[in-house]
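Note sheet for the following structure.
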Amino acid sequence: MARRHEDQGGGADPDDKRSGQTRIERAFLATTTTARGLPGRADRRTQATEASPTPKDKAPASVRRSAGAAGLRRGQEEATGADQGRGGTTKATKATRPTKRANGNNGQGQNWVRPERRLAINLRDGLACVWCSATLEDDVLTLDHLRPRSKGGDNTSANLVTACRRCNSSRGNRTQASFARAVAGYLNGGATPEAILAHVGRCRRRALDVPAARALIALRGGFSAAQHAA
């Protein structure tokens with residue numbers, strides 16, 4: 001009879017064979033479980049899926065890249081600290097050397113000659129540029145090497161003359177005669193090249209009064225004040 005009943009019912013459910021329950025009993029249990037508010041098989045699968053933690057490797061790609069970069073920096077800092085702890089040294093940045101100017105002051109500004117000697121040369125030359133006659137009211141007064149240092153000139157008083165900043169920077173390594181012609185053209189008839197060269201020669205042959213310049217600096221409290229008060 002049991003065999004005939006299974007044939008008429010279209011065959012037994014495989015789940016019935018494993019659990020030993022008939023289809024009617026399984027339907028009754030499912031109805032009873034739902035009525036009691038307990039989760040059925042499908043509900044238990046859904047809850048298990050929702051409760052499963054999200055793997056760590058599912059974090060956004062930007063977060064993973066940021067974390068990796070931070071870890072790399074920490075590793076490099078720790079490695080550098082370990083090297084220094086063992087007496088290691090880091091490679092220092094090579095400083096850029098100042099460019100030497102054509103007038104031979106080696107990029108030292110006004111410090112390559114003592115203030116009293118500089119002021120004595122300015123006083124000897126009348127506190128004016130020997131090339132264009134510009135004064136302190138016109139431009140900053142500097143010292144120009146008649147024979148450029150790049151061509152063997154030295155820092156003796158006979159090779160140094162007062163020059164305004166414009167003439168000193170524009171002359172470069174040009175000879176006295178060449179630059180005198182350029183200045184005469186700039187002055188537009190105010191002086192001839194021969195007159196400029198003659199004035200330069202007279203200035204460089206005059207004697208220096210360094211003690212007087214030193215006393216003036218001490219009296220005025222500095223080189224700049226003494227230069228403007230002379």
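The values are calculated or read from the model by the stated rules, or taken from the named source; none is laboratory data. The shown structure was predicted, so the numbers you read here are calculated from the model rather than taken from an experiment. Quick reminder, even Gly has a Cβ in these numbers, built from the backbone with ideal geometry, and neighbours come from all protein chains shown.
For the range 158-175, enumerate the residues that are surrounded by fewer than 17 Cβ atoms within 10 Å (Cβ to Cβ) and either in contact with a Pro (Cβ under 6 Å, 6 or more places away or on another chain) or not charged (D, E, K, R) (or both).
Residues satisfying the conditions are A158, S169, S170, G172, N173, T175.
Among the numbered criteria (1) of a type in the set (S, T, N, Q); (2) modelled with pLDDT under 95; (3) touching a Lys or Arg at 6+ places or on another chain (Cβ under 7 Å), which one does N159 miss?
Of the numbered conditions (1) of a type in the set (S, T, N, Q); (2) modelled with pLDDT under 95; (3) touching a Lys or Arg at 6+ places or on another chain (Cβ under 7 Å), the odd one out for N159 is (2).
What number of residues within the range 156-192 satisfy the criterion of being part of a helix (DSSP H, G or I) and either hydrophobic (A, V, I, L, M, F, W, C) or in contact (Cβ under 8 Å) with a residue 24 or more places away in the chain (or both)?
17
Is there a residue in the range 207-217 that is at positive phi and over 39 Å from the mean Cα position of the chain (by Cα)?
no
Test of understanding: among L119, L143, which residue is part of a strand (DSSP E or B) and among the aliphatic types (A, V, I, L, M)?
L143
If only one of G201, G153 is closer than 25 Å to E116 by Cα and in a helix (DSSP H, G or I), which one is it?
G201
Does the range 136-155 contain at least one residue that is hydroxyl-bearing (S, T, Y) and loosely packed, with under 14 Cβ neighbours inside 10 Å?
So far as the range 136-155 goes, no, none of its residues is hydroxyl-bearing (S, T, Y) and loosely packed, with under 14 Cβ neighbours inside 10 Å.
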